[in-house]
Amino acid sequence: MSSDESHNAAASERRDAVREKAQQVQARQSRARLIRRTTLGAAVIAVVAVIAVVVTWTVSSSASKPLMSPENVVDDGFMVTGVTGVGITSEGSEANGSVQGGQTPTPTAAPAEPSPTPTPTDTPAVDIRVYVDYLSTGSRDFQVANVKQLTEWVNEDAAMLTYYPVAMLTAKSNGTKYSLRAAAASACVAQHAPDYFFAFNQALLTQQPEVDSDGYTDSELAALAIATGLDGAKVVRSCIEEQSYTSWAKLATERALQELPDTDGMALTGTPMVLVNGTQYVGKLDDPKEFAQFVLTVASDAYYKASPTPTPTPTP
């Protein structure tokens, strides 16, 4: 064999060897790609399965969790049976601070004529219902102006006072939903320390945060409730911080916006909304004398409607 033929044969063998090695490398790379694809597919399937399990568990848990509602609520309202934890002086201010605006509430308005005129204490107790949003400045003004006479009427059994916490200003607290959380916190106090509901209601309104601010945190709301001196501080704190009644407060607000109980179709349009024996008060919120006169008039109407028609007495 010539040298040229030997050289060509060696070159052909090298090419064949290189080709075979390339085929082997390509085969290994194909197997590696197949393994990676299979592993990645299995991982994706596993992740999807985990997400499906989590979503199913969350939905089933939410569906199985009952809606918590306060046990002593009546038509979404809390009746004040007594005033505890709020000190009112004879000048109409709280023991821990003056009533804002310098108002001096009076329990009843003086009769316009010397003839006997029924007062709330002379008639069956008037039914006073107050729909209150704890971020509403009007709700604060009404409470501050009338706290003294409301306290006296309740303590004298002259009035049945019921508060209906609603959350119409939930969107006015930078996303913290303060209005809703405050309404839920009031429900916690009404449930676990009902004697101190009026005091906490008073604190929420007199120490009201500014509209469009974050408002109080849940821990701060709990501290504000405990500061009233209520019993069962631990359970009240837990109820407030866990937002146990936020769903109830939201639904109660929606119901009030649709129709108020015992009002022949009347609906909540703003806060505060004050009803006296079913008649809406439309006077000045910060004028206790005007409100007292309104209550006096409604009570008088109820008194005369409930009394039998007097028999005329012959005049000499």
Exercise. If T106 satisfies every condition in (1) under 30 Å from S213 (Cβ atoms); (2) out of contact with any Ser or Thr (no Cβ under 9 Å at 6 or more places or on another chain); (3) surrounded by 14 or more Cβ atoms within 10 Å (Cβ to Cβ); (4) modelled with pLDDT under 50 but one, which is the exception?
Worked result: (1)
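Rundown of residues vs (1) touching a residue at least 12 places away in the same chain (Cβ under 8 Å); (2) closer than 20 Å to V73 by Cβ; (3) of a type in the set (A, V, I, L, M), yes/no style:
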position	(1), (2), (3)
Q202	yes, yes, no
T206	yes, no, no
A233	no, no, yes
Y245	yes, yes, no
A249	yes, yes, yes
L260	yes, yes, yes
Exercise. Tell me, which residue of segment 164-186 that is among the basic types (K, R) and surrounded by fewer than 22 Cβ atoms within 10 Å (Cβ to Cβ) is nearest to S69 (Cα to Cα)?
Worked result: K177
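Which of the residues spanning segment 215-234 are among the charged types (D, E, K, R) and at pLDDT 95 or above? Before you say what the answer is, go through the steps one by one.
Filtering segment 215-234 for residues among the charged types (D, E, K, R) gives 218, 220, 231, 234.
Answer for segment 215-234, where residues must be among the charged types (D, E, K, R) and at pLDDT 95 or above: D218, E220, K234.
The values are calculated or read from the model by the stated rules, or taken from the named source; none is laboratory data. Note that the structure is predicted; figures quoted are calculated from it, not measured. Quick reminder, even Gly has a Cβ in these numbers, built from the backbone with ideal geometry, and neighbours come from all protein chains shown.
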